[in-house]
1. How many residues are under 11 Å from residue B:32 (Cα atoms) and either modelled with pLDDT under 80 or outside any strand (DSSP E or B) (or both) if we restrict to the range B:90-100?
2. Taking residue A:52, is it acidic (Asp, Glu), within 14 Å of chain B (Cβ to nearest Cβ) and farther than 23 Å from residue B:106 by Cα?
3. For the range A:72-88, which residues satisfy the criterion of being of a type outside the set (A, V, I, L, M), modelled with pLDDT under 95 and part of a loop (DSSP other than H, G, I, E, B)?
4. Condition first: surrounded by fewer than 19 Cβ atoms within 10 Å (Cβ to Cβ) and either closer than 14 Å to residue A:28 by Cα or within 14 Å of another protein chain (Cβ to nearest Cβ) (or both). Now tell me which residues in the range A:76-88 satisfy that.
5. Hey, can you tell me all the residues within the range A:43-71 that are assigned to a loop (DSSP other than H, G, I, E, B), under 28 Å from residue B:86 (Cβ atoms) and hydrophobic (A, V, I, L, M, F, W, C)?
6. Against the definition (touching a helix residue (DSSP H, G or I) at 6+ places or on another chain (Cβ under 8 Å) and within 28 Å of residue B:32 (Cα to Cα)), how does residue A:52 come out, yes or no?
7. Out of the residues in the range B:48-57 meeting the condition of being assigned to a strand (DSSP E or B) and within 13 Å of chain A (Cβ to nearest Cβ), tell me which one is farthest from residue A:90 (Cα to Cα).
8. Name the residue that is nearest to the other protein chains (Cβ to nearest Cβ), counting only residues in the range A:56-66 that are surrounded by fewer than 12 Cβ atoms within 10 Å (Cβ to Cβ) and among the charged types (D, E, K, R).
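The values are calculated or read from the model by the stated rules, or taken from the named source; none is laboratory data. A quick note: this is a predicted structure, and the numbers were derived from the prediction, not measured. Note that each Cβ is placed from the backbone with ideal geometry, even for glycine, and that neighbours are counted across all protein chains shown.
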Amino acid sequence: GAVVSQHPSRVICKSGTSVKIECRSLDFQATTMFWYRQFPKKSLMLMATSNEGSKATYEQGVEKDKFLINHASLTLSTLTVTSAHPEDSSFYICSVGTSGIGQETQYFGPGTRLLVL
Amino acid sequence: DAKTTQPTSMDCAEGRAANLPCNHSTISGNEYVYWYRQIHSQGPQYIIHGLKNNETNEMASLIITEDRKSSTLILPHATLRDTAVYYCIVRGAHNTNAGKSTFGDGTTLTVKP
């Protein structure tokens, strides 16, 4: 399967600052990557679909101006949390979808834990 | 994507088989059953998927009923490291659906010594 990395693994920032999270597909050229958010003791919620070379597609209720996504290459997507606030503290996870004769399988990164003070 | 129902939690003795059920009674003909697991503070890990035939890989076996309305993930010899939240997801396998997995609450499997 695809190997996906994220950087940083955890970050602590002050309220009002912006934080960039990188998601890299190490062995697979991903035209599409996905960003999820997971609050404590909750399940994963899809935030947006990151498309290489075009604008991201956001899920309902996710502010595109707050969560900026850039997918400039086939191996890198970035999520920037702008003007972060304590309620943005969460576990952010990216994933890559791979196809096997029409069967898409997702491979996830290890996640980035964000704590906003 | 079809909705799935899983038990909230299960216990299993180390070394024994863990059988995790999933109901997906509204599954449609072109939807696959996927299983992922998430160990605490890590990203989800792909386990196995199938359409209608039973599947087996190095991690687990997937048994899908003939009517496809339910399935069971089997970990043949559970170890303490298999303690995790297990998610059963049903979705189409087409490119446009890639990644749009709807995660429910999953089953928290606790393997005990």
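1. So the answer is 3.
2. yes
3. Once the filter is applied, which keeps residues that are of a type outside the set (A, V, I, L, M), modelled with pLDDT under 95 and part of a loop (DSSP other than H, G, I, E, B), the range A:72-88 yields only A:75.
4. A:76, the sole residue that qualifies.
5. Across the range A:43-71, the qualifying residues are A:44, A:62.
6. No: the conditions fail for residue A:52.
7. My answer is B:55.
8. A:63
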